[in-house]
Amino acid sequence: DTEVTQTPKHLVMGMTNKKSLKCEQHMGHRAMYWYKQKAKKPPELMFVYSYEKLSINESVPSRFSPECPNSSLLNLHLHALQPEDSALYLCASSQVGGDTEAFFGQGTRLTVV
Amino acid sequence: GQSLEQPSEVTAVEGAIVQINCTYQTSGFYGLSWYQQHDGGAPTFLSYNALDGLEETGRFSSFLSRSDSYGYLLLQELQMKDSASYFCAPYSSASKIIFGSGTRLSIRP
């Protein structure tokens, strides 16, 4: 199984809503990532978890709150988002360390209204 | 700090060869990876170079020169399905994978 599964595929939320994005992998990977991608732009790294601990936060606003409940799951909790946060949110996983490839989920298309 | 440069667009003819260059400045550099992304799709891994030299995987090859902070992706026998965006992505310490700005490759019949 080389799949990273993200749910939901699409999400529309208001600026006062609270929602969560979910990501799951069963490849035994101990590094998991959240990326944000706007149209015609590269994926932009948000967070990295290594062995279920947050190792990198790329100065992401606190309205985005990541969580790694176990080695297979990664969540992104959303609260009080702005319309400019509308984007494709991609989850990825890989082995920890170099010489490895990252596997990406199909993403959640988020629209903030 | 980090900086990455790759051409924004490349156009080539079906059956031809194209090279996409990438120059980088990355602290804690481990190696250089390449990803392909079709419109509406997720990035997919193409190759990874940790050492200097050429790595070949089928129609795709990737090259790295650590001393020059430079790499390239070589695509041979281009097919229409190769039309996509290609990203170089240096891999650095703490499992950090940062994507370059991307090169949009268009293939003409």
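Quick check on this structure: which one of A:V96, A:V48 is within 14 Å of chain B (Cβ to nearest Cβ), in a loop (DSSP other than H, G, I, E, B) and either in contact (Cβ under 8 Å) with a residue 40 or more places away in the chain or surrounded by 21 or more Cβ atoms within 10 Å (Cβ to Cβ) (or both)?
A:V96
From the list A:M27, A:M15, A:M32, which one is assigned to a strand (DSSP E or B) and among the aliphatic types (A, V, I, L, M)?
When all the criteria are applied, what remains is A:M32.
This table checks each residue for (1) of a type in the set (A, V, I, L, M, F, W, C); (2) more than 27 Å from B:S92 (Cβ to Cβ); (3) touching a Phe, Trp or Tyr at 6+ places or on another chain (Cβ under 7 Å).
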| site | (1), (2), (3) |
| --- | --- |
| A:S20 | no, yes, no |
| A:L45 | yes, no, yes |
| A:V48 | yes, no, yes |
| A:S55 | no, no, yes |
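Which of the residues spanning region B:36-47 are within 7 Å of another protein chain (Cβ to nearest Cβ) and surrounded by 20 or more Cβ atoms within 10 Å (Cβ to Cβ)?
B:A42, B:P43
How many residues are at pLDDT below 95 and either under 19 Å from A:P43 (Cα atoms) or not in a loop (DSSP other than H, G, I, E, B) (or both) when one looks only at region B:53-88?
Counting residues in region B:53-88 that are at pLDDT below 95 and either under 19 Å from A:P43 (Cα atoms) or not in a loop (DSSP other than H, G, I, E, B) (or both) gives 3.
Can you tell me which residue among B:I17, B:I107 is in contact (Cβ under 8 Å) with a residue 60 or more places away in the chain and more than 30 Å from A:T108 (Cα to Cα)?
B:I17
From B:S95, B:S62, grab the single residue that is within 14 Å of chain A (Cβ to nearest Cβ), buried (at least 20 other Cβ atoms within 10 Å of the Cβ) and free of Cβ contacts under 8 Å to residues at least 12 places away in the same chain.
B:S95 is the lone residue from the list that is within 14 Å of chain A (Cβ to nearest Cβ), buried (at least 20 other Cβ atoms within 10 Å of the Cβ) and free of Cβ contacts under 8 Å to residues at least 12 places away in the same chain.
The values are calculated or read from the model by the stated rules, or taken from the named source; none is laboratory data. Source: prediction; values computed, not measured. Because the Cβ atoms are built from the backbone with ideal geometry, glycine has one as well, and the counts that use them run over all protein chains shown.
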